[in-house]
Amino acid sequence: MAIKYPNPSMNNSIKQDNHFKSQGMIFEHSLNVSNEYYRSRNVALIYKKPTPVQIVKVDYPKRSSAKIVEAYYQTPSTTDYNGIYKGKYLDYEAKETIKSFFPFKHIFPHQVEHLEKVQKLGGIAFVIIYFRTFNSVIIINIEDFSNLYHNGDRKSISYEKALEIGKEAKLSYSPPINYLSAVDELFKL
């Protein structure tokens with residue numbers, strides 16, 4: 001009997017309203033649910049980092065319904081998630097691609113540098129990529145990712161190369177993306 005596990009890009013528990021039209025938002029939601037699962041079982045304490053925003057203008061059509069009309073990012077954000085797992089600081093950037101490769105232009109140099117510093121200081125640092133075409137989530141240690149990223153010959157990482165140097169996270173019902181098992185294998189925890 002074949003068991004079909006939920007697809008992070010097609011999570012049935014998420015209404016397809018305007019808030020979740022972006023497939024990246026649905027992948028992010030699946031990661032958030034996974035992190036909530038880990039927190040509720042005292043496995044790890046990992047949260048999505050808020051992006052610092054400076055609110056410039058607010059419209060008050062009615063007293064009870066204020067609306068932000070203009071805002072700007074205060075500083076470039078570092079990475080998407082951070083926390084603690086097995087007594088170690090953990091930090092990662094989450095990305096998604098519909099192609100059979102992940103273009104390096106979709107991750108900023110300051111994010112790669114931040115993750116390199118985390119690893120240099122003894123933390124767990126990686127990039128987690130959802131290859132939607134293959135319904136596959138792969139975790140790549142920042143050291144391996146960085147070697148390819150800084151190599152001037154490459155502009156992307158193929159799905160096959162990501163599988164070769166990274167670890168595939170199992171997709172399941174609970175948590176939707178069991179990425180900490182892949183972290184255990186990749187970092188030998």
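Values for this structure:
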item	result
Packing-based ranking, highest mean first, of 175-187, 91-103, 37-49 given that Cβ atoms within 10 Å are counted	175-187, 91-103, 37-49
Carbon + sulfur, % of accessible area of region 50-120 - ligands and nucleic acids excluded, 1.4 Å	56 percent
Distance violations [Cα-Cα > 24 Å] among Lys88/Lys117; Lys86/Lys161; Lys49/Lys161	Lys86/Lys161; Lys49/Lys161
Cα-centre dipole for region 101-188 with unit charges at Cβ (Lys and Arg positive, Asp and Glu negative), debye to 20	200 debye
Residue pairs, from the table Lys67/Lys155; Lys67/Lys120; Lys48/Lys167; Lys95/Lys120, whose Cα atoms sit over 31 Å apart	Lys67/Lys155; Lys67/Lys120
Per-residue HN-Hα couplings for region 156-161 [Karplus 6.51, -1.76, 1.60; θ = phi - 60°; Hz; x = Gly/Pro]	7, 10, 6, 4, 4, 5
³J(HN,Hα), Karplus 6.51/-1.76/1.60, whole Hz, each residue of region 78-85, x for Gly, Pro	7, 10, 7, 9, 8, x, 10, 8
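The values are calculated or read from the model by the stated rules, or taken from the named source; none is laboratory data. The structure presented is a predicted model; accordingly, all values stated were derived computationally and were not measured. Note that each Cβ is placed from the backbone with ideal geometry, even for glycine, and that neighbours are counted across all protein chains shown. When the accessible area is computed, the model is the full protein with side chains, heavy atoms only, and any ligands, DNA or RNA have been set aside. Shrake-Rupley method; radii C 1.70, N 1.55, O 1.52, S 1.80 Å.
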